[in-house]
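Structure first, commentary second.
The values are calculated or read from the model by the stated rules, or taken from the named source; none is laboratory data. The structure displayed is predicted, hence computed values, not measured ones. Glycine gets a Cβ as well: all are built from the backbone with ideal geometry, and neighbour counts include every protein chain shown. Note: accessible area is taken over every heavy atom of the protein model, side chains too, but ligands, DNA and RNA are not part of it. Shrake-Rupley method; radii C 1.70, N 1.55, O 1.52, S 1.80 Å.
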Amino acid sequence: NLSLWKGARLKTEKAAAQREKRLQMKELIANEIVHSKDMRDDGTDGSFQRTRGHQIVDQSLDLYGSTVSKLLSKVNAPIPRASGSMANRDGRVGTAPLRRYIDGLAQRQALSVLCNYGGPA
């Protein structure tokens, strides 16, 4: 269950708790500034809300990134990371390969090391 995993992670990982606090504050501010009838979920005009769907996707990406990071660390493989998301900040790893080249590299590294996949021959 993603909610149970998220709850445990928030209790044990400081970076995850700080990120959650930032998102809650952002949503609170948006709710105060933008009238609820005008609220959108795409960030237009300062609106910001986390629907159930957004939360499921966010938790899934966190779970994936955390798991890949831990598995690669366990086998002492280097982990390509986006700038600013160092290991001590527990940033997401490999969750946006279409937006960030470094995430594509992280996914290739995970496949190579964990699945013995070297790509097309």
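If you go through the range 3-13 and pick out every residue that is in a helix (DSSP H, G or I) and in contact (Cβ under 8 Å) with a residue 12 or more places away in the chain, you end up with 4. Taking first residues from the range 53-74 that are assigned to a helix (DSSP H, G or I) and partners that are of a type in the set (K, R) and surrounded by fewer than 14 Cβ atoms within 10 Å (Cβ to Cβ), no Cβ contact under 6 Å between residues at least 6 apart in sequence or on separate chains turns up.
If we scan the range 87-94, do we find a residue that is polar (S, T, N, Q), within 17 Å of the chain's Cα centre (by Cα) and at pLDDT below 85? The answer is yes; a qualifying residue exists. Residue selection: D42 satisfies the criterion of being modelled with pLDDT under 85, open to solvent by 40 Å² or more (accessible area, probe 1.4 Å) and within 19 Å of A96 (Cα to Cα).
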